[in-house]
Amino acid sequence: MNSRAAPWVGFGAGKVILLGEHSVVYGHPALAGPLSYGVTARAVPSKRCHLSLPGTLSRAQRNLLTQAFQRAAALCGSPAVKVTLESELPLSMGLGSSGALAVASTRVLLKAAGQDDSPEEVARLALEMEQEFHGTPSGVDHTTSAQQKLLLYKRHPGQSTGRVRILKSPRPLKVLVALVGDRSPTKHTVAALRARQARWPDRYTRLFKQIGTLASEGAKAVEQGDLETLGDVMNVNQGLLAALGLSSPPLEEMVYRLRGLGALGAKLTGAGGDGGAVIGLFLEPEPAVAKLLELGVRCFTSQLAGPRAL
């Protein structure tokens with residue numbers, strides 16, 4: 001164990017998918033970026049390697065988290081530490097809370113063990129935890145969290161890991177994230193979509209392919225600093241997500257509200273369904289945030305890429 005650096009800290013960023021949710025599961029690219037909010041893991045020396053969890057969790061939640069943690073810990077040599085977690089992310093809102101937790105946990109375990117904690121190694125081990133949580137995750141959540149960079153991600157079906165292209169933007173890329181209430185579990189939304197895709201495969205395959213094309217177009221717009229085009233692509237992507245049956249009146253209402261407040265583009269992010277999060281691309285999101293907060297809407301801003309003000 002690397003005792004010289006105790007206590008150890010690991011951070012896992014939350015994420016938003018700008019373009020390509022759901023279609024990424026079928027082998028098409030997705031454009032995703034890291035939030036400035038996330039999960040922080042702290043480790044201190046202990047007699048054994050274990051995760052300390054709050055008593056507010058259910059037995060099922062505690063068992064799942066402990067099992068996932070021990071799976072990653074074993075791959076790190078089970079350093080003798082006690083790990084605690086602090087999250088700034090709302091749960092089950094499509095902001096990658098489980099991926100951020102996995103990245104924070106594996107990053108702090110690797111540090112405590114004195115092992116390589118590069119983004120690639122963190123992502124490799126975080127996948128082990130994500131598989132405990134979700135079975136066969138697309139990989140975009142924990143990969144974006146580990147890299148903490150805006151990226152274009154693509155994973156071919158049947159493969160456990162995907163290809164990553166990190167993107168640079170010559171202009172600040174700022175989003176407003178608005179929370180629109182609780183949503184159904186991701187697995188329910190995904191299963192219902194999979195059933196429709198199995199019944200009408202040709203039609204749904206065309207839609208998934210088009211969403212993947214939009215993600216690639218959006219990545220090109222980012223690199224060219226063409227935020228207006230990126231916003232338009234986001235709007236079109238929202239229309240296709242609605243066509244796939246993934247939107248709902250509360251989400252649509254927030255999409256149109258953000259566009260009315262000056263968003264270049266707005267769409268749901270994550271699984272969708274009857275609630276979750278909506279993102280808006282703004283040149284300057286602060287006035288819109290102030291207006292929404294006055295109305296009681298839970299929201300925040302985050303810069304995903306580009307030059308930052310000093």
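Once all protein chains are placed together, residue 299 keeps about 20 Å² accessible to a 1.4 angstrom probe.
The share of accessible area on region 173-305 that comes from carbon and sulfur is 54 percent, using a 1.4 angstrom probe. So for the chain, averaging the separation of alpha carbon pairs under 8 Å that are six or more residues apart and normalising by length, what relative contact order in percent results? This gives 23 percent for the chain.
If you take all other residues with their beta carbon under 10 Å from the beta carbon of residue 35, and give Lys and Arg +1 and Asp and Glu -1, the sum is 0.
With a simple spin-label model that places each label point 7 Å from the Cα along the Cα-to-Cβ direction, the separation between residue 206 and residue 252 comes to 2.2 nm. Checking the a/c ratio against 1.5 first, then a/b against b/c, what shape does the Cα gyration tensor give for region 173-305? Because a/c hits 1.5 or more and a/b fails to exceed b/c, region 173-305 counts as oblate. Projecting the Cα atoms of 261, 34, 106 onto the charge dipole of the chain, computed from C-beta unit charges around the Cα centre, puts 106 farthest toward the positive end.
The simple Förster model, with R0 at 35 Å and r as the Cβ-Cβ distance, assigns residue 115 and residue 165 a FRET efficiency of 0.85. Computed from the C-beta positions of residue 44 and residue 182 and an R0 of 30 Å, the FRET efficiency is 0.30 to the nearest 0.05. The mean accessible area for residues of region 169-210, using a 1.4 Å probe and ignoring ligands and nucleic acids, is 59 Å² per residue.
With all protein chains kept in place, the per residue accessible area of region 1-89 amounts to 46 square angstrom at a probe of 1.4 angstrom. Shape analysis of the chain places it in the prolate category; the axes a ≥ b ≥ c from the Cα gyration tensor give an a/c of at least 1.5, with a/b above b/c. Straight Cα distances below 19 angstrom link residue 47 to the lysines 82, 111, with same-chain residues fewer than 8 positions distant left out. Does region 221-293 come out rounded, prolate or oblate, given a ≥ b ≥ c as the square roots of the eigenvalues of its C-alpha gyration tensor, rounded meaning a/c under 1.5 and, failing that, prolate meaning a/b above b/c? Note, shape of region 221-293 comes out oblate.
For a Förster distance of 25 Å, can you work out the FRET efficiency between the beta-carbons of residue 199 and residue 136, rounded to the nearest 0.05? Here the calculated transfer efficiency is 0.75.
Straight-distance candidates among the lysines for linking to residue 220, with alpha-carbon spacing under 18 Å and chain neighbours fewer than 8 residues away dropped: 149, 154, 168, 174, 209. Sum -39500 (n - 2.57) across every DSSP H segment of at least 4 residues in the chain, then divide by the residue count to get the 222 nm mean residue ellipticity, nearest 500. Helices in the chain give a 222 nm mean residue ellipticity of -14000 deg cm²/dmol. When only the Cβ of Lys, Arg, Asp and Glu is charged (+1, +1, -1, -1), the dipole of region 46-170 relative to its Cα centre reaches about 80 debye.
The values are calculated or read from the model by the stated rules, or taken from the named source; none is laboratory data. The shown structure was predicted, so the numbers you read here are calculated from the model rather than taken from an experiment. No Cβ is skipped: glycine too gets one built from the backbone with ideal geometry, and neighbour counts run over all protein chains shown. Ligands, DNA and RNA are stripped out before the accessible areas are found, and what is left, the full protein with its side chains, is counted by its heavy atoms. Shrake-Rupley method; radii C 1.70, N 1.55, O 1.52, S 1.80 Å.
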